[in-house]
Amino acid sequence: MSKPAVPLRILCIHGYRQNGSSFREKTGALRKILKKQVELVYISAPHQVPAIQNQTNQQPEKTANGGDEDQRGWWFSDVQARSFNAQQECESSLGLEESVETVKTAMKDLGPFDGILGFSQGAALVAMLCALQEQKLEAAFNFRFAILVAGFHSACSQHRRFYDGPVITVPSLHVFGQDDRVIPEEMSRDLLPVFDGAQILIHPGGHFVPAASSHRQTYQDFLKKFQ
């Protein structure tokens, strides 16, 4: 069997309170199982997230999981507090436009990319980027596929335009955990109708990017279609 000559390039969008390098660390197992097929490229969100209150007077400790002391987010659901909660309903959010620009810049400077992968808040952002692509509102976005891990439908009414448009035809793989307490399974399922022919990978675990050998086949079969 001949190996694909050129790996697929995937832009990776981290979750809230992570950054590009910490997300790279956390997806080490995924990189390992897909290393023959893909090259994963990581970027960081433009917004710094304020430290959790009880840590403000302390020096942030160097974390073992790769730089989580530089915590970042793609938008804030609470404009005043500059905080984010996926289940918080809000009229307007803060910071999404800058994040779309950050991705556009990455496309220009680091691209081209075949696909995009997002986790948690990053997966919710990926759904919005795919909607912009579908609505032909951003020429920069031309993803051939999207992988959304613990994705969800933003509860901010300002973001309704992303879901009210035409169904998203970008081929998508939606990954979610049955024991995810941060983004419960039903929140990820609510996003499925936005995508045409969404594929799913369900794992028994919590809020993380699953990459056990039992998941390898699903990822590989999905990616094979684009090689």
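The values are calculated or read from the model by the stated rules, or taken from the named source; none is laboratory data. No experiment lies behind these values; they were computed from the predicted model shown. Every residue, glycine among them, receives a Cβ derived from its backbone with ideal geometry; neighbour counts consider all protein chains shown. All accessible areas refer to the heavy atoms of the entire protein, side chains included, with ligands and DNA or RNA removed. Shrake-Rupley method; radii C 1.70, N 1.55, O 1.52, S 1.80 Å.
Accessible surface of residue 36, taken over heavy atoms with a 1.4 Å probe and every protein chain present, rounds to 130 Å².
Normalising by the residue count of the chain, find the relative contact order in percent from Cα pairs under 8 Å and 6+ residues apart. Please list the in-between numbers first.
On the way: 452 pairs, mean separation 43.6, N = 227.
Over the chain, the number comes to 19 percent.
For the options 48, 80, 121, a Gaussian network treatment of the chain with springs between C-alpha atoms closer than 10 Å singles out 80 as fluctuating the most.
Applying the Karplus relation 6.51 cos²θ - 1.76 cosθ + 1.60 with θ = phi - 60° to the stretch 176-181 yields 3J(HN,Hα) values of 8, x, 6, 10, 6, 8 Hz, where x marks Gly and Pro. Here r is the Cβ-Cβ distance between residue 158 and residue 32 and R0 is 41 Å; the resulting FRET efficiency, rounded to 0.05, is 0.60.
Top to bottom by accessible area (1.4 Å), largest first, where do 219, 16 land? Kindly include the intermediate steps, with their values, before the conclusion.
Working: 219 5, 16 45 Å².
Descending order: 16, 219.
Positive contributions from Lys and Arg (+1) and negative ones from Asp and Glu (-1), summed over other residues with Cβ under 12 Å from the Cβ of residue 155, come out at -3. Note on the chain: dipole from Cβ charges, positive end direction compared against 95, 191, 215; the farthest Cα belongs to 215.
Using a Förster distance of 25 angstrom, determine the FRET efficiency expected from the C-beta separation of residue 85 and residue 214, and round it to 0.05. Display every interim value, and only then the final one.
Numbers: r = 32 Å, r/R0 = 1.27.
Efficiency at R0 = 25 Å is approximately 0.20.
Which entries of 32/104; 36/104; 104/224; 35/224 show an alpha-carbon separation above 24 angstrom in the structure shown? Checking Cα-Cα distances, 32/104; 36/104; 104/224 exceed 24 Å.
Computed over the chain, the per-residue total of -39500 (n - 2.57) for DSSP H runs of n ≥ 4 gives a 222 nm mean residue ellipticity of -8000 deg cm²/dmol, rounded to 500. Look at the Cα gyration tensor of the stretch 109-227: its axes a ≥ b ≥ c give a/c of at least 1.5 with a/b at or below b/c, and that counts as oblate.
Solvent exposure of residue 39, expressed as accessible area, is near 80 Å², computed with a probe of 1.4 Å over the protein chains only.
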